[in-house]
Amino acid sequence: MTANRILVGFMLVAVLGVTACGRKTGLDTPYEAGMRAREEAEKAGQPLPPEPKKPVADRPFVLDPLL
């Protein structure tokens with residue numbers, strides 16, 4: 001019984017520790033992340049990664065009103 005409580009306690013601490021990780025800001029789109037990587041490489045004097053492609057216009061989908 002004691003081993004089970006220790007195991008459950010350890011798992012609870014591990015789960016809470018993992019869920020506390022992360023940023024509190026919005027997610028970056030792949031385009032924004034690519035542009036930021038180019039800016040950082042340019043400032044650091046490193047070779048520039050390829051320029052990201054601009055996102056295409058979002059087309060509406062039939063089921064969008066349900067969301």
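Scanning segment 23-43 for residues that are part of a helix (DSSP H, G or I) and not charged (D, E, K, R) yields Pro30, Tyr31, Ala33, Gly34, Met35, Ala37, Ala41.
If you go through segment 15-37 and keep only what is at pLDDT below 80 and not aliphatic (A, V, I, L, M), you end up with Gly17, Thr19, Cys21, Gly22, Arg23, Lys24, Thr25, Gly26.
Within segment 43-67, residues that are within 20 Å of Glu32 (Cβ to Cβ) reach partners that are among the polar types (S, T, N, Q) with beta carbons closer than 8 Å, at six or more positions or on different chains, in the pairs Pro55/Thr29. Just one of the listed residues (Gly34, Gly17) is loosely packed, with under 10 Cβ neighbours inside 10 Å, at negative phi and either without any contact (Cβ under 8 Å) to a residue 24 or more places away in the chain or among the basic types (Lys, Arg) (or both), and it is Gly17. Examine segment 11-26 for a residue that is under 14 Å from the mean Cα position of the chain (by Cα) and among the basic types (Lys, Arg), and state whether such a residue exists. Taking every residue of segment 11-26 in turn, at least one turns out to be under 14 Å from the mean Cα position of the chain (by Cα) and among the basic types (Lys, Arg).
The values are calculated or read from the model by the stated rules, or taken from the named source; none is laboratory data. Since the model is a prediction, treat every value here as computed from it, not as a measurement. All Cβ positions, glycine included, derive from the backbone under ideal geometry; neighbour counts span all protein chains shown.
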